[in-house]
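What follows is one structure encoded as structure tokens, with my remarks underneath.
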Amino acid sequence: MSVVVTPEMIGQVVISGILSGALYAMVALGLALIFGVMRVINIAHGPLLMLGAYVTFFLYSRTGMNPFLTVPLAMAALFVVGVLLQRTLVFRVVDAPELSSLLLTFGISIALVNVAQNLFTSDLRAVEYITGSWSVGGVALSKPRFIAFVFALAVTGAAFLFLKTTRLGKAIRATSQSREVALVCGIDVGRIHMLTFGLASALAAGGGALLAVIVAIQPEMGGVWTFKSFLVIVLGGAGNYPGALLGGLLLGLVEQLASLFLTTQLSEVVAYVLLVLVLLVRPTGLLGGRQT
Amino acid sequence: MRLSPAVVLPALAVVLAALVLYPFVGTGYGVRAMLQIFMWIALAGSWNLISGLTGYVSFGHVAFFGAGAYTGAILVASAGWSWPVAALAGGIAAALLALFIGYPCLRLKGPYFAIAMLGLNEVLRALVSYFEGLTGGGNGLSLPTLDATRAIYYVMGVLAVAVTAMTYAIITSRFGLRLMTIREDEIAAEAMGIDTFHHKLAAFLLSAVGPGIAGALTARDQGYIEPLSVFPLAITVTMIVMVLFGGKGTVWGPVLGAAALFVIQEIVWARYPYVHPLLFGAIIVAVVLLMPRGVLGLLQLKYRLPRTI
């Protein structure tokens, strides 16, 4: 299969890659936060994203609300779900061996997917609010994807601002650097864990809400997002929060390139090979690992 | 309670003899059910080898089952191999796949391995669907008709016994002790001079062979496979639940878990297929939080059973 590559096609790949990369970065930041603060890889991250997508779908289809305005509602709803999950189940395995937290969140994840299948059915659902695209210099700019990109950037930016400037954000970062020292400084680590889980679930839900506008959703959509979010934080360096941005953009670009030169059918294979290669060559991530 | 070999070995011999004679007296359904139990014992026992002994969680063990199924089916359907040889080839193919994944991921500590296994399943399914010429893609692959259920019953039974015997041999060996040291504290294990990477890799390769063979045997038994039937997440979930329920890191835990859950599944849960995954999810959460060592762990504690059980 030979492909003639024009400058427009490259431009298209770069634009599409950046558009989806921002969404990856936003969702992955949530996974990175939980991992940084609690040393827990939350397998249920993708299914939480799926729940966020359904919040948007139902608000849109039942009340006709502008789906982009449902993003904060989906985030708020899943913030509560996240806090409850942490409060009832996850806090018990924070200090346990990794096996326990992985298995526990895996159990939560299959339960959530099954609940969604029973409540919402496995039918594909779509929010057809805005379609079509703008043409900018020969490059097609999909309208829903562009608006989602702007929202993802805004939410991710706000999250970084929160982590960087507020007292709570600083407490979260302090806890992720050293839980013991944070405790000694008078930080209520249990409360930080709860907030972090809520915040991470909200970031996943935001991603899900935006995805609902772009693609059709179904209960099993989340699994691949847990995997891709992890790939993004491996690319950026585990525990390195700005790395999630770079990792997200990189994954978006690589996937778009793959769909240009190979086929979209194999885009997950490409992402997977990318993970194996990075682990083989530079397991601490492209920006280096956590700074201690 | 003391379990002396004088009691255990004859009891085991009686059970084995009964299982050998069963196809001559059992109903078609009964033989098929036993065949399934053997398969689950082999699968759960294999998962236990990597995840129960080293603590490295494999979320994608069905990938080896599927890889074995496709290898076996292609060799039988296209190359005309006899199915027992094709089944062995399925095991070898699964081990090669494990080498490919394990080499980059097991050098690292932490969750990398778990996540890499989480994605593997989807990737194989995509690849199998893509290479239609070889695999039939989404249309699936049909094998020549052959009534070999009884023969497959015996081979699957031997596989279940072999995986369990191997687990016993490993747990009672220095190799097994080193694996369990890695599980308890990998840094301490390294400090003691254990080559942790190669030990983990060896355990992982061994854990892939059983599912590979089981996959190839299942493909032969069913006569038709397609991507969705041999790569379902549900097989991984069931393996994990069986081992956790029975008791991870033990010899008989996977056997107990496979038999118990299969029977409960057939009798009770078959009526509620829609909430099946929810129940499994709940069992995983409950076992992790309430009885991390499973039923056998509780029995060991209560009746002072030997740790090698």
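FYI, it's all coordinate maths here, none of it is from the lab. Everything quoted here is computed from the prediction, not taken from an experiment. All Cβ positions, even for glycine, are placed from backbone atoms using ideal geometry, and neighbour counts span all protein chains on display.
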Inset, instruction - Mind putting together the pair-distance distribution for chain A? All Cα pairs, 5 Å bins, whole percent per bin, short to long. - result: 1, 6, 12, 17, 19, 17, 13, 8, 4, 2, 1, 0, 0
Inset, instruction - Please report, in Å, the Rg and the Dmax of segment B:108-166, where both are computed over Cα atoms only. - result: 17.5, 47
Legend entry - Net dipole in debye of chain A [+1 Lys, Arg Cβ; -1 Asp, Glu Cβ; about Cα centre; nearest 20]: 700 debye
Legend entry - Proximal charge balance of A:P283 [Cβ under 12 Å; K/R count +1, D/E count -1]: +3
Legend entry - Relative intensity, log₁₀ I(q)/I(0), of segment A:158-281 from a Debye sum that treats every alpha carbon as a point, q = 0.15, 0.21, 0.23 Å⁻¹: -0.84, -1.27, -1.38
Legend entry - All Cα pairs of segment B:37-121, percent lying beyond 15 Å: 61 percent
Legend entry - Within a Gaussian network of chain A (alpha carbon springs, distance under 10 Å), most fluctuating of A:A44, A:A74, A:A171: A:A171
Legend entry - Most to least packed among B:57-64, B:151-158 [average Cβ atoms within 10 Å]: B:57-64, B:151-158
Inset, instruction - Starting with the fewest neighbours, write out A:F197, A:F227, A:F57 ranked by other beta-carbon atoms found within 10 Å of each beta-carbon. - result: A:F57, A:F227, A:F197
Legend entry - Cα-based helix-to-principal-axis angle, A:70-88 vs chain A, degrees rounded to 10: 30 degrees
Legend entry - Reach of B:K302 by Cα under 25 Å, taken over lysines that are not fewer than 8 positions away in the same chain: B:K248
Legend entry - Share of pairwise Cα separations in chain B, more than 36 Å, in percent: 15 percent
Inset, instruction - Quote the Stokes-Einstein diffusion coefficient, in whole µm² s⁻¹, for segment A:24-156, based on the Kirkwood radius over alpha carbon pairs, a temperature of 25 °C and a viscosity of 0.890 mPa s. - result: 147 µm²/s
Legend entry - Cubic angstrom per residue, convex hull over Cα atoms of segment B:79-214: 124 Å³
Legend entry - Scaled radius of gyration (Cα, divided by 2.2 N^0.38 Å) that segment A:135-177 gives: 1.77
Legend entry - Ellipsoid semi-axes in whole angstrom, largest first, where each is sqrt(5λ) of the Cα gyration tensor of segment B:160-248: 31, 14, 13
Legend entry - Separation in nanometres of the label points that stand 7 Å from Cα toward Cβ, at A:T166 and A:T6: 4.8 nm
Legend entry - Averaged over A:222-235, number of beta-carbon atoms from partner chains that fall within 10 Å: 3
Inset, instruction - Using the Kyte-Doolittle scale, find the helices of chain B whose mean hydropathy is at least -0.5 and whose Cα atoms extend 18 Å or more along the helix's long axis, counting only whole DSSP H runs. - result: B:5-25, B:28-47, B:62-77, B:83-105, B:112-130, B:149-171, B:196-222, B:233-246, B:253-267, B:276-290
Legend entry - segment B:264-309-segment A:155-189 distance, computed between alpha-carbon centres (Å): 38 Å
Inset, instruction - Would you compute, for the Cα atoms of segment A:142-231, the largest minus smallest coordinate along each principal axis and list the three values in descending order, in whole Å? - result: 49, 26, 20
Inset, instruction - Take segment A:100-145, compute every pairwise Cα distance, and split them into 10 Å bins from 0; I just need the percent in each bin. - result: 22, 23, 21, 21, 12, 0
Legend entry - More than 32 angstrom apart: percent of Cα pairs within the protein assembly as shown: 49 percent
Legend entry - In Å, descending, principal axis extents of the Cα set of segment B:211-309: 47, 30, 21
Inset, instruction - Would you calculate a helix-derived [θ] at 222 nm for chain B, using -39,500 (n - 2.57) for each DSSP H run of n ≥ 4 and dividing by the full residue count, to the nearest 500? - result: -24000 deg cm²/dmol
Inset, instruction - Can you check what the net charge comes to around B:V263, using other residues whose Cβ is under 15 Å from the Cβ of B:V263 (Lys, Arg +1; Asp, Glu -1)? - result: +1
Inset, instruction - Arrange the following residues from fewest to most other Cβ atoms within 10 Å of their Cβ: A:L262, A:L161, A:L251. - result: A:L161, A:L262, A:L251
Legend entry - Sorted by Cβ density within 10 Å, fewest first, the residues B:H198, A:H45, A:H193: B:H198, A:H193, A:H45
Inset, instruction - Go through A:Y24, A:A174, A:V155 and say which Cα lies farthest out towards the positive end of the charge dipole of chain A; charges sit on Cβ, +1 for Lys and Arg, -1 for Asp and Glu. - result: A:A174
